[in-house]
Amino acid sequence: MDGGASYNPRTVEEVFRDFKGRRAGMIKALTTDVEEFYQQCDPEKENLCLYGFPSEQWEVNLPAEEVPPELPEPALGINFARDGMQEKDWLSLVAVHSDAWLLSVAFYFGSRFGFDKSDRKRLFSMINDLPTIFEVVTGAAKKQVKEKSSVSNHSSNKSKSNPKQRGSESQGKYSKAMQTKDEDDEGLDEEDEEDHGETLCGACGENYASDEFWICCDICEKWFHGKCVKITPARAEHIKQYKCPSCSNKRARP
């Protein structure tokens with residue numbers, strides 16, 4: 001079921017890559033694909049689990065039938081609490097259990113393939129550098145970034161007014177960073193990386209990079225990779241007010 005039965009990462013780097021893929025899929029389910037995820041978690045169905053795959057895909061399905069299972073199993077019965085809680089609280093609860101499952105899978109691989117103390121420490125350090133799914137879903141990761149960057153607000157504001165860097169905040173719907181075409185702009189890109197390097201994508205949770213196209217939601221003010229929300233630079237040019245999938249879904253639901 002999990003897709004990991006035939007895929008066994010054996011090095012720290014491979015396990016971390018596996019962790020990031022599964023994490024990205026689960027974040028997608030709880031953010032950009034939240035409407036579809038919500039509908040699939042029907043409380044009338046049997047015990048359901050949220051699975052993340054190394055391919056950055058997600059799936060809501062019944063737990064594995066084999067005992068013991070090939071991999072640790074995620075939280076069982078996430079669908080039962082859906083209608084008994086506020087949606088944001090329910091999503092936060094699923095996010096917490098998803099974080100726990102990701103760690104259990106990563107350290108399952110570590111134990112299975114004999115990681116020693118230094119390997120386990122390195123793996124945890126790599127994982128710990130990423131915000132948790134809970135932090136991404138609740139917006140806590142964004143708040144932490146704001147606190148860390150408050151000291152450099154003056155330089156950040158300066159860069160916002162420079163069209164060669166992030167682009168005007170009033171134009172906020174598109175890219176936080178476009179890849180520069182000549183060497184003269186390299187210094188500006190480096191300064192932009194320093195100012196905004198800890199900004200996180202609201203969909204996948206990855207850090208800002210100057211060579212990628214980003215777009216900002218005018219409702220929740222979260223930033224997203226264009227590829228994560230399927231917006232191209234050309235399409236962004238024609239969007240007057242951009243709403244991310246999560247905000248669009250919230251407005252659409254009665």
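The values are calculated or read from the model by the stated rules, or taken from the named source; none is laboratory data. Note that the structure is predicted; figures quoted are calculated from it, not measured. So basically every Cβ, Gly included, is an ideal-geometry build from the backbone, and we count neighbours across all protein chains shown. Note: areas computed on protein heavy atoms with side chains; ligands, DNA, RNA excluded. Shrake-Rupley method; radii C 1.70, N 1.55, O 1.52, S 1.80 Å.
Here are some notes:
- Enumeration of residues in segment 93-108 that are under 15 Å from Thr138 (Cα atoms) and open to solvent by less than 40 Å² (accessible area, probe 1.4 Å): Val94, Ala95, Ser98, Asp99
- Residue check for Lys45: in a helix (DSSP H, G or I), touching a residue at least 24 places away in the same chain (Cβ under 8 Å) and open to solvent by 30 Å² or more (accessible area, probe 1.4 Å): no
Conditions tested, residue by residue: (1) open to solvent by 30 Å² or more (accessible area, probe 1.4 Å); (2) more than 18 Å from the chain's Cα centre (by Cα).
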{"site": "Arg17", "(1), (2)": "yes, no"}
{"site": "Val34", "(1), (2)": "no, no"}
{"site": "Phe37", "(1), (2)": "no, no"}
{"site": "Asn61", "(1), (2)": "yes, yes"}
{"site": "Ile78", "(1), (2)": "no, yes"}
{"site": "Leu91", "(1), (2)": "no, no"}
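- Residue within segment 148-160 that is out of contact with any Lys or Arg (no Cβ under 7 Å at 6 or more places or on another chain), surrounded by 12 or more Cβ atoms within 10 Å (Cβ to Cβ) and modelled with pLDDT of 90 or more present: no
- So Ala141, is it modelled with pLDDT of 50 or more and either within 29 Å of Val34 (Cα to Cα) or polar (S, T, N, Q) (or both): yes
- Unmet requirement for Glu198, which otherwise passes all of (1) at pLDDT 85 or above; (2) of a type in the set (D, E, K, R); (3) open to solvent by 60 Å² or more (accessible area, probe 1.4 Å); (4) within 16 Å of the chain's Cα centre (by Cα): (1)
- Figure legend. Inter-residue proximity from segment 78-89: first residues under 21 Å from Pro63 (Cβ atoms), second residues open to solvent by 100 Å² or more (accessible area, probe 1.4 Å), beta-carbon distance below 8 Å, spacing 6+ or different chains. Indicated pairs: Asn79/Lys45.
- Put simply, of Gly110, Gly114, Gly52, Gly3 the only residue that is under 22 Å from Glu206 (Cβ atoms) and at pLDDT below 95 is Gly3.
- Flag for Asp83 being part of a loop (DSSP other than H, G, I, E, B) and open to solvent by 40 Å² or more (accessible area, probe 1.4 Å): no
- Residue satisfying condition, being farther than 26 Å from Ser248 by Cβ and open to solvent by 20 Å² or more (accessible area, probe 1.4 Å), within set Glu70, Glu56: Glu70
- Residues that are open to solvent by 60 Å² or more (accessible area, probe 1.4 Å) and not basic (Lys, Arg), drawn from segment 234-254: Ala234, Glu237, His238, Gln241, Ala252, Pro254
- Qualifying residue in segment 109-116 (condition: more than 21 Å from Lys222 (Cα to Cα), of a type in the set (Asp, Glu), in contact (Cβ under 8 Å) with a residue 40 or more places away in the chain and open to solvent by 10 Å² or more (accessible area, probe 1.4 Å)): no
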